[in-house]
């Protein structure tokens with residue numbers, strides 16, 4: 001470059017391949033031109049051409065240790081000086097090798113397939129304060145649409161990506177809120193094609209990073225089942241994450257089932273069909289799609305209905321896609337009180353049987369037509385315990401919602417009570433899979449028989465309705481006192497009742513079952 005412009009010469013040094021004229025008058029004080037370039041040292045420079053000369057306006061990184069790979073592989077850079085990490089020493093080629101000659105460096109990732117399967121690896125903990133050079137260039141992520149598109153292009157299949165303006169217009173600039181939950185806020189919206197949708201704004205989200213979010217969206221967006229709410233699209237803008245979902249105009253099951261006296265009672269045939277649809281949706285999540293999904297929060301609020309009482313499960317993804325190695329590893333408690341399986345507190349593996357437990361609790365509520373915990377002054381009943389008693393005495397019809405006025409099928413009532421109790425066995429191994437639940441409800445599989453011994457913990461859950469002083473004074477070292485208290489609580493002779501069903505119960509069984517869980521922990525589940 002000179003005062004007349006920029007030239008690109010061919011290899012002979014004289015033939016001009018390209019010439020860009022600056023159209024500047026030599027000698028004029030107004031001459032000015034600025035350009036940026038990367039140097040061979042990895043720095044970016046902004047240079048101005050002023051009055052026939054070059055002036056360096058900016059150079060970055062300003063510190064030499066911020067230049068990418070300035071010290072080569074493995075070396076550390078500090079105050080402009082390159083050195084090897086602890087336990088390493090310099091080699092003849094200017095790199096670093098382990099000081100212990102019996103230890104060799106692992107092959108590059110590209111050659112890992114050629115490695116001996118018996119090879120073992122160990123990892124080096126770097127000194128305190130050591131950082132990776134690329135971190136400076138990766139955070140914060142840009143909010144520009146180009147960077148978002150670049151990251152999304154790395155995900156093979158994604159649903160429709162909406163811009164933030166499209167979503168804001170659809171939901172009337174956040175003025176059409178219809179619900180909220182632990183995940184965030186729910187809005188009702190209308191897309192440009194007049195399709196009514198539900199938009200969830202995720203404000204509490206465990207997955208970090210756009211790429212992880214997009215990867216899970218790619219999986220969930222391609223799960224299609226008649227009993228699962230369909231993800232129509234999403235929006236990703238900076239830290240804002242919004243999901244565009246199929247809209248169910250009848251609302252959730254809890255509204256239809258536990259509504260006030262002015263709402264019509266949900267008929268038995270509808271309840272049975274809702275149970276079937278919910279079971280089929282969960283069975284598909286567990287074993288019917290490519291990625292096994294454990295819902296972790298099965299409850300009436302997440303079972304949605306339309307005008308024809310079609311049922312669809314919602315909130316079945318996002319941070320719930322375990323790999324085979326991680327299927328039992330959840331670091332935080334998930335779910336809702338009243339539907340949490342005991343294994344959340346006992347450190348046992350979280351699996352698809354955890355969803356089966358929650359489904360069983362929902363099924364019992366469908367039968368009774370009210371929450372399992374009835375906190376009314378005139379009646380304090382823990383319904384799963386009552387359902388167990390009705391099962392042991394063969395009085396299934398007495399467990400049905402009285403608002404139905406007996407308009408039920410007795411065989412279906414017995415079926416739902418027995419399936420519900422089987423699903424809430426304390427031991428996950430004794431619970432049926434959701435695929436087996438579907439088979440029993442459809443009549444393809446024989447009906448399972450609840451194992452009463454694995455349901456004895458329900459008596460402890462029922463303690464929440466007892467006199468607080470009596471409960472606090474009980475000791476796990478005194479099983480006879482506890483058994484007597486339970487007899488009083490439930491107004492039944494447990495040993496006599498169980499003997500009528502050819503079962504024997506040892507007082508210690510009740511104690512040993514939950515000897516490792518405190519009363520406060522049991523209460524937290526319910």
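The values are calculated or read from the model by the stated rules, or taken from the named source; none is laboratory data. Please read these numbers as outputs of a predicted model, since none were measured by experiment. So basically every Cβ, Gly included, is an ideal-geometry build from the backbone, and we count neighbours across all protein chains shown.
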For this session: Of all residues in the stretch 393-424, count the ones that are within 34 Å of the chain's Cα centre (by Cα), in contact (Cβ under 8 Å) with a residue 60 or more places away in the chain and within 21 Å of residue 460 (Cα to Cα).
Result: 5
Exercise. Could we say that residue 458 is touching a helix residue (DSSP H, G or I) at 6+ places or on another chain (Cβ under 6 Å) and at pLDDT 60 or above here?
Worked result: yes
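Residue-by-condition table, conditions (1) in a strand (DSSP E or B); (2) under 19 Å from residue 61 (Cβ atoms); (3) at pLDDT below 80; (4) assigned by TED's automatic domain parsing to the domain that holds residue 60:
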{"position": "14", "(1), (2), (3), (4)": "no, no, yes, yes"}
{"position": "20", "(1), (2), (3), (4)": "yes, no, yes, yes"}
{"position": "24", "(1), (2), (3), (4)": "no, no, yes, yes"}
{"position": "28", "(1), (2), (3), (4)": "no, no, yes, yes"}
{"position": "40", "(1), (2), (3), (4)": "no, yes, yes, yes"}
{"position": "45", "(1), (2), (3), (4)": "yes, yes, no, yes"}
Exercise. How many of the residues making up the stretch 243-286 are under 18 Å from the mean Cα position of the chain (by Cα), surrounded by fewer than 23 Cβ atoms within 10 Å (Cβ to Cβ) and either over 17 Å from residue 357 (Cβ atoms) or in the same structural domain as residue 198 (by TED's automatic domain parsing) (or both)?
Worked result: 2
